[in-house]
C-alpha cells in the first residue's frame, strides 16, 4: 500500500471517529448532587414536606433556588410556582364504628374518612351491600352493580380486579392490575352510583401494602382540588381489615373466600349483607392553596413542544409517632427522585448541543393525596397537553447499588419501552416488566394523569436484579422497604447508601430525553 493510500485511510478513519464523537453527547452525572439534594430535602428541617405547612414553604423555596442554579427558567410565565387551590379535610371518628352490632376500633380495625366539607357526617344503621369488585366495565362485559340500587347505602367491595384472583389473561389483564382495580376507581364508581359510602376489604397481595398504610392514612388529612367535585364524593370512604371483615362475615355463614368466589362469576348479582353500619365523623376543613413547582429549559428548535420530567415534592409531614419518631421525612419517597430530576436538569442545561425540544422539570404537590397536584397541572399546563411529547416520572428510588434490570412500570403502554430498551443496552441492562404489576403502581404516581390525557408516560428504574447481590436479594430488599419503611417515619436518609444504580438510572433518563428531543416524529405511540 502506498504512503498516499495509508494517509487517506488515516484521514478517513479520523473523520469517522470525529463524526461519531460529535453525534454522541458526553456528560457526567454527579453522585454528590444526588446525595446532597436527598439529604437536604429529607432532613428534619423540612418537617416532612407536607402541603399547607411551613415545610411546604421551605420545600418550594428550595426547589426554586435549585432550578435557578441549574439554569431552568420559570415555567409559569414569570413564576416557578403554580397555585393549586385545595381543601384540606381532617377526619376523626367519635367513639367506635358499629358494624353488625360489633364495635370496631378506628382506625386500627376499620380506616374510614369523610371526603366531604361538612363538619359533621353521621350515618346511623345504614345497610351494607356487597358489590363484588365494585366495577362497571362494558369492554370486559362486567357489571358489579347490576340489578341493585345502592343509593344511600354502604357499598362493600374487594380490592384489585378479578384477573388477580384467577390469573386468567383473558379476564381483565390477568394478574396485572387495571385501573378498575385501584381504590380511587372504586371510590369514584360508588359515588357515581349514589352510595352513601364505600368500604374496601383489605388484603396485602391485592393492595400491594399492609393494612398499616390505609390505617395511617386515615389519621392524616386529605387534600382535594377545591371545586364542586368534592361534594359528589361518598359520605364515607375507607378500608376494613381482613381480620375484622372475616369475623363479621363468619357470624353470618360467609367468608371473604366465599364472597370472592361469588364475585368472580360474570353472572354475579350484588346483594345486601344483612349488616348495617353506624359512624359519627367530625371533619376539620381548611381551604388554602398549595403549589406545584416547575422550571423549563427552552428547546433550541421546537421550544413550543416539551418533554416533562416529574417528581413529587410532598410527603406526610409531622404525624402520628411510631417508636418515638413523628417526622415522616420521605427520603426515598420522594427525596431521591427530587434529586434525580434536578440532576437530569443540571446535565441537560450544560451539555452541547442542548435539547431541541423544551424540557420541563415538574415537582407536583399532594401526590400522596391521590395525584392532586399533577392532575391540576394536566388541566392547567405550562405547555399544552397536545404539545407535551412524553412524561418521564420516577418515585421511590432506593439506592441499593447497580442493577442489571430496568423495571418498567407501565410496560406495554407506549413506544417509550423501545427508547428505554435502546438506552438500557448501552449500560448492558435489560427491560423487566413490573413483576408486581398486580399492585397497580402505574396508577399510583404522577405520570398517570398525563397518560389519561393522552401523553405517553412511564416510570422506569432498576429494582429487581442487583449486579452484585442477584435477584433474590434485590426482591427481598425491595419488599423489606415496602413492608417496614414505606410511608413510615423511618424513611430517612442513609449515609451508607450505594448510589451507583441511581446514577445509572439518571443516565438512562437523560439518554431517552435526548432521543425524544431530536425525534422528528414527535410523540411515541400509545398502545
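The values are calculated or read from the model by the stated rules, or taken from the named source; none is laboratory data. Predicted model only: the values in this text are computed from it and were never measured. Methodologically, a virtual Cβ is constructed for each residue, glycine included, from the backbone with ideal geometry; neighbour enumeration extends over all protein chains shown.
For residue 37, state whether it is within 27 Å of residue 359 (Cα to Cα), within 31 Å of the chain's Cα centre (by Cα), modelled with pLDDT of 95 or more and not in a helix (DSSP H, G or I).
The answer is no for residue 37.
Screening the range 198-297 for strands (runs of 3 or more DSSP E) wholly inside it with 3 or more residues that are closer than 19 Å to residue 99 by Cα and either out of contact with any helix residue (DSSP H, G or I) (no Cβ under 8 Å at 6 or more places or on another chain) or at pLDDT 95 or above (or both) returns the ranges 236-240, 271-297. The set of residues from the range 449-472 being farther than 15 Å from residue 208 by Cβ and not in a loop (DSSP other than H, G, I, E, B) comprises 449, 450, 451, 452, 457, 458, 460, 461, 466, 470, 471, 472.
Per-residue answers, yes or no, for (1) touching a strand residue (DSSP E or B) at 6+ places or on another chain (Cβ under 9 Å); (2) under 21 Å from residue 340 (Cα atoms); (3) surrounded by 20 or more Cβ atoms within 10 Å (Cβ to Cβ):
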residue	(1), (2), (3)
48	yes, yes, yes
68	yes, yes, no
77	no, no, no
84	yes, no, yes
93	yes, no, yes
99	yes, no, yes
108	no, no, no
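Taken over the range 299-312, residues that are loosely packed, with under 15 Cβ neighbours inside 10 Å and assigned to a loop (DSSP other than H, G, I, E, B) amount to 2.
Of the strands (runs of 3 or more DSSP E) entirely within the range 65-143, those holding at least 3 residues that are under 30 Å from residue 361 (Cβ atoms) occupy 81-93.
The number of residues in the range 452-468 being crowded, with 21+ Cβ neighbours inside 10 Å and closer than 23 Å to residue 523 by Cβ comes to 7. Looking for whichever is in contact with a strand residue (DSSP E or B) (Cβ under 7 Å, 6 or more places away or on another chain) and in contact (Cβ under 8 Å) with a residue 40 or more places away in the chain here; the options are 314, 280, 304. Which one fits? It is 280. Could you tell me whether any residue of the range 490-498 is in contact (Cβ under 8 Å) with a residue 40 or more places away in the chain, assigned by TED's automatic domain parsing to the domain that holds residue 404 and not in a loop (DSSP other than H, G, I, E, B)? Taking every residue of the range 490-498 in turn, at least one turns out to be in contact (Cβ under 8 Å) with a residue 40 or more places away in the chain, assigned by TED's automatic domain parsing to the domain that holds residue 404 and not in a loop (DSSP other than H, G, I, E, B). The selection criterion, being farther than 30 Å from residue 124 by Cα and at pLDDT 95 or above, does not hold for residue 92. In the set (1) under 21 Å from residue 409 (Cα atoms); (2) assigned to a loop (DSSP other than H, G, I, E, B); (3) at pLDDT 95 or above, the condition left unmet by residue 195 is number (1). Going by what's in this entry, would residue 164 be described as surrounded by 22 or more Cβ atoms within 10 Å (Cβ to Cβ) and either in the same structural domain as residue 374 (by TED's automatic domain parsing) or assigned to a helix (DSSP H, G or I) (or both)? In short, yes. Out of all the residues in the range 313-338, which are within 23 Å of the chain's Cα centre (by Cα), over 30 Å from residue 520 (Cα atoms) and not in a strand (DSSP E or B)? 313, 314, 315, 316, 329, 330, 331, 332, 333, 334, 335, 336 - these are the residues of the range 313-338 that are within 23 Å of the chain's Cα centre (by Cα), over 30 Å from residue 520 (Cα atoms) and not in a strand (DSSP E or B).
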